[in-house]
Amino acid sequence: MANWNETERTRQGFGSVPRAGGDVAGVKYDEGLRSYMLSIYNYMGSAVLLTGLVALLSAESGLTAAFIGTPLMWVVALAPLGFILAMSFGLHKMSQSTLQIVFWSFATVMGVSMSTIFLQFTGESIALTFFATAGAFAGLSLWGYTTKKDLSGFGTFLIMGVIGLLIAMVLNFFLQSGTLAFVISALGVLIFAGLTAYDTQRLKRDYAHLRGTEMMGKAVIMGATSLYLDFVNMFMFLLQFLGSRE
């Protein structure tokens, strides 16, 4: 059984995952929480970087232009959803190493899927939007981590908002309404901004139940996936406002 009163500290490198079954043994609760959250941010940041590099290379190599307008475009667009479903429903069946492989594969496929933005927007506006999103994400996540306000009540509302966004996006695929597209983008930014703070607080709260269990390593990967999706979606919706068309 873990001795939580020991003073020995553990250190983790970039993108590391706490070891299951005693990962925070020997550190105080707050130190273990910081290590847990740092692991999540490391994974999330590494995945965002991987997605960005893959997207840029796909666009520059001509791969993106090759699949646009072909049935393969739908495969690329829907593939990330398949990875998310696999991670969610197969969480308890997968080993931690398998979940890691699926996570990095997901980030790679997302890069190919998002590479079309380099054909639609200028590189300068994409970079500007990325840094604006990074700043907003950092501030919102920090607030979610430090606030004493309980954000759990917003969870259902925000998830319903995401479902509503998906329905509106499907409808606008047929309607092609510029006004509806503007509303969708505005609501998308607000909803995923709220989810960033909510998910951060949720992950912080979940640590109390996960510390010292075999699920800790998997929880880090799934937590990183949640924050990754918040970041990427906020970026994509914000790009509709800040992006300059080619």
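Please treat every number below as a calculation from the coordinates, not as lab data. Source: prediction; values computed, not measured. As a convention, Cβ positions derive from the backbone with ideal geometry for all residues, glycine included, and neighbour counts pool all protein chains shown.
Overview of values
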| item | result |
| --- | --- |
| Dipole moment magnitude, nearest 20 debye, the chain about Cα centre, only Lys, Arg, Asp, Glu C-beta charged | 400 |
| Computed helical MRE - 222 nm, the chain, DSSP H runs ≥ 4 contributing -39500 (n - 2.57), nearest 500 | -26000 deg cm²/dmol |
| Over the range 29-242, relative contact order from alpha-carbon pairs under 8 Å, at least 6 apart, % | 33 |
| Kirkwood Rh in Å, taken over all unlike Cα pairs in the range 29-242 | 18.2 |
| Spatially close lysines, pair count over the range 29-242: Cα under 21 Å, gap of eight or more or interchain | 4 |
| For residue 121, residues with placed amide H under 5 Å, excluding near neighbours | 246 |
| Extension gain, residue 187 back to residue 91 (0.36 nm per residue minus Cα-Cα distance, nm) | 31.5 nm |
| Kyte-Doolittle at least 0.0, axis length at least 30 Å by Cα - qualifying DSSP helices, the chain | 29-61, 123-146, 154-175, 178-210, 216-242 |
